[in-house]
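*Asks:* Before we start, here is the structure in question, set down as structure tokens.
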Amino acid sequence: MATFKAIRIDKADKGTTAALTQFDEAELMDGDVTVDVEWSTLNYKDGLALTGKAPVVRRFPMIAGIDFAGTVERSSHPNWKAGDKVVSTGWGLGETHLGAYAEKARVKGDWLVRLPEGMSAREAMAIGTAGFTAMLAVLALEKQGVTPGSGPVVVTGASGGVGSVATAVLAKLGYHVIASTGRMAEAPYLKSLGAAEVIDRNELSGPAKPLAKERWAGGVDSVGSTTLANLLSMTRYGGAIAACGLAAGMDLPTSVAPFILRGVCLLGIDSVMCPLAPRKAAWERLARDLDRSKLSEITHEIGLDQVLDNGPKILAGQVRGRIVVKIV
Ligand code: NDP
């Protein structure tokens with residue numbers, strides 16, 4: 001195939017443009033594995049790249065899309081051969097390296113993870129970067145000693161991608177999950193994922209006190225800003241909050257009080273440059289600890305031709321759960 005379908009981002013006089021077009025295979029970047037991409041997904045960062053709302057894309061032209069699942073077409077990497085089923089998230093895909101919204105991707109073999117046994121490529125992308133990040137956050141809480149016996153855990157941005165997967169996984173593991181959302185109409189959805197309580201995000205969005213009443217032993221935050229500050233000030237003695245997102249802002253208007261008076265830990269979560277060993281561990285745990293029927297409840301499927309319309313929607317907080325993108 002000399003050309004293939006792709007969502008291409010170009011630099012314009014003002015900002016960037018994005019269009020579904022044909023891309024020349026000869027323009028693919030260096031890499032030792034070429035993959036026939038079958039599924040991708042829409043993450044918050046994809047919304048930023050597609051709309052140009054933040055400088056996510058740092059090379060032009062770019063193929064958007066930060067994660068994919070597919071089948072190896074050819075490889076000169078020792079770990080991979082034609083026919084292998086693979087998953088890739090992060091590593092600069094869709095940012096500095098030609099990305100996932102395309103029928104073909106050429107990447108470094110070191111960036112790939114084998115599709116977990118018994119998981120389909122569609123399921124892997126229904127999980128995608130957001131679900132993978134949620135699992136990294138759960139693993140960080142476990143490593144910090146937050147167990148179901150420690151007390152309740154809070155999940156913010158609960159109706160979103162990271163939040164929905166975190167809610168489902170933590171509930172399956174036996175945690176008492178308090179889901180925080182700005183969409184109280186989604187309370188039945190969040191309860192169906194296993195949330196024990198659903199609270200309005202307004203409770204957590206005002207300016208934070210240095211210390212407030214202790215409400216939870218841990219949490220997964222995809223919102224940042226005053227919400228993360230409130231989470232920290234309401235965390236029980238010795239608890240921990242895993243911070244992975246900035247849906248409400250990059251700032252963190254907090255004080256040192258939760259850290260020095262309650263021994264609270266703030267755990268940073270990065271999915272992009274996450275090394276291979278924890279990557280594999282997270283995918284193995286997703287295969288085991290995420291109920292597939294819950295995953296399908298979370299998932300909404302679109303075609304490559306619908307991605308551009310959905311970019312602004314995810315930024316506006318209008319997407320529930322996960323959007324999986326059928327490439328071919
Ligand atoms: P989604 O848009 O699917 O979810 C974000 C959710 O946050 C929304 O659904 C909404 O949930 C809530 N939200 C949105 N805007 C606001 C606001 N202004 N104030 C408070 N809450 C808000 O995005 P993802 O789940 O894909 O990503 C979530 C965040 O995590 C993003 O900031 C993303 O950049 C980050 N992220 C970070 C990664 C990492 O490696 N660290 C990897 C993946 C994502 P509700 O309606 O329920 O309140």
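*Asks:* Conditions first: (1) in contact with a Phe, Trp or Tyr (Cβ under 6 Å, 6 or more places away or on another chain); (2) surrounded by 20 or more Cβ atoms within 10 Å (Cβ to Cβ). Val107 passes all but one, so which condition is the exception?
*Replies:* (1)
*Asks:* Further question: Can you name the number of the only condition in (1) open to solvent by 20 Å² or more (accessible area, probe 1.4 Å); (2) closer than 25 Å to Leu50 by Cβ; (3) in contact (Cβ under 8 Å) with a residue 60 or more places away in the chain that Val325 fails?
*Replies:* Just one mismatch for Val325, condition (1).
*Asks:* Which residue is nearest to Gly94 (Cα to Cα), if the candidates are limited to the range 293-309 and must be under 16 Å from the mean Cα position of the chain (by Cα) and in contact (Cβ under 8 Å) with a residue 40 or more places away in the chain?
*Replies:* Thr299
*Asks:* Those residues that are acidic (Asp, Glu), closer than 26 Å to Gly131 by Cβ and in a strand (DSSP E or B), I need them from the range 23-62; list them, please.
*Replies:* Within the range 23-62, Asp36, Glu38 qualify.
*Asks:* Right, something else. All but one of (1) more than 15 Å from the ligand (Cβ to nearest atom); (2) among the aliphatic types (A, V, I, L, M); (3) open to solvent by 60 Å² or more (accessible area, probe 1.4 Å) hold for Met250, so report the exception by its number.
*Replies:* The single condition Met250 does not satisfy is (1).
*Asks:* Related question: Would you please list the contacts, defined by Cβ atoms under 6 Å and residues six or more apart or on different chains, that run from a residue in the range 1-26 that is without any contact (Cβ under 8 Å) to a residue 24 or more places away in the chain to a residue that is surrounded by 20 or more Cβ atoms within 10 Å (Cβ to Cβ)?
*Replies:* Going by the 6 Å Cβ cut-off, the qualifying pairs are Thr21/Arg8.
*Asks:* Do you know which of the residues in the range 68-82 that are in a loop (DSSP other than H, G, I, E, B) and among the small types (Gly, Ala, Ser) is least open to solvent (accessible area, probe 1.4 Å)?
*Replies:* Ala82
*Asks:* Can we say Leu231 is more than 27 Å from Arg114 (Cβ to Cβ), open to solvent by 60 Å² or more (accessible area, probe 1.4 Å), in contact (Cβ under 8 Å) with a residue 12 or more places away in the chain and within 13 Å of the ligand (Cβ to nearest atom)?
*Replies:* no
*Asks:* Still on this structure: Looking at (1) more than 22 Å from Pro152 (Cβ to Cβ); (2) in contact (Cβ under 8 Å) with a residue 40 or more places away in the chain, find the lone condition where Ala240 falls short.
*Replies:* Result: Ala240 passes all but (1).
*Asks:* If you check Gly65 against the conditions, is it open to solvent by less than 50 Å² (accessible area, probe 1.4 Å), in contact (Cβ under 8 Å) with a residue 24 or more places away in the chain and not in a loop (DSSP other than H, G, I, E, B)?
*Replies:* no
*Asks:* To continue, here is another question. Using the structure shown, decide if Asp309 is out of contact with any helix residue (DSSP H, G or I) (no Cβ under 7 Å at 6 or more places or on another chain), open to solvent by 40 Å² or more (accessible area, probe 1.4 Å) and not basic (Lys, Arg).
*Replies:* For Asp309, the condition - out of contact with any helix residue (DSSP H, G or I) (no Cβ under 7 Å at 6 or more places or on another chain), open to solvent by 40 Å² or more (accessible area, probe 1.4 Å) and not basic (Lys, Arg) - is met.
*Asks:* Among the numbered criteria (1) out of contact with any Asp or Glu (no Cβ under 6 Å at 6 or more places or on another chain); (2) within 16 Å of the ligand (Cβ to nearest atom); (3) open to solvent by less than 30 Å² (accessible area, probe 1.4 Å); (4) in contact (Cβ under 8 Å) with a residue 40 or more places away in the chain, which single criterion is violated by Asp289?
*Replies:* All conditions pass for Asp289, except number (2).
*Asks:* Which condition does Gly219 not pass, out of (1) touching a strand residue (DSSP E or B) at 6+ places or on another chain (Cβ under 6 Å); (2) part of a helix (DSSP H, G or I); (3) within 15 Å of Leu204 (Cβ to Cβ), if it passes all the others?
*Replies:* Only one criterion in (1) touching a strand residue (DSSP E or B) at 6+ places or on another chain (Cβ under 6 Å); (2) part of a helix (DSSP H, G or I); (3) within 15 Å of Leu204 (Cβ to Cβ) is unmet by Gly219, namely (2).
*Asks:* How about the range 20-51: which of its residues are open to solvent by 40 Å² or more (accessible area, probe 1.4 Å), touching a strand residue (DSSP E or B) at 6+ places or on another chain (Cβ under 6 Å) and farther than 19 Å from Ala69 by Cα?
*Replies:* If the condition is that a residue be open to solvent by 40 Å² or more (accessible area, probe 1.4 Å), touching a strand residue (DSSP E or B) at 6+ places or on another chain (Cβ under 6 Å) and farther than 19 Å from Ala69 by Cα, then Leu20, Thr21, Gln22, Asp24 are the ones that fit.
The values are calculated or read from the model by the stated rules, or taken from the named source; none is laboratory data. Because the structure is predicted, anything quoted here is derived from the model rather than measured. Note that each Cβ is placed from the backbone with ideal geometry, even for glycine, and that neighbours are counted across all protein chains shown. When the accessible area is computed, the model is the full protein with side chains, heavy atoms only, and any ligands, DNA or RNA have been set aside. Shrake-Rupley method; radii C 1.70, N 1.55, O 1.52, S 1.80 Å.
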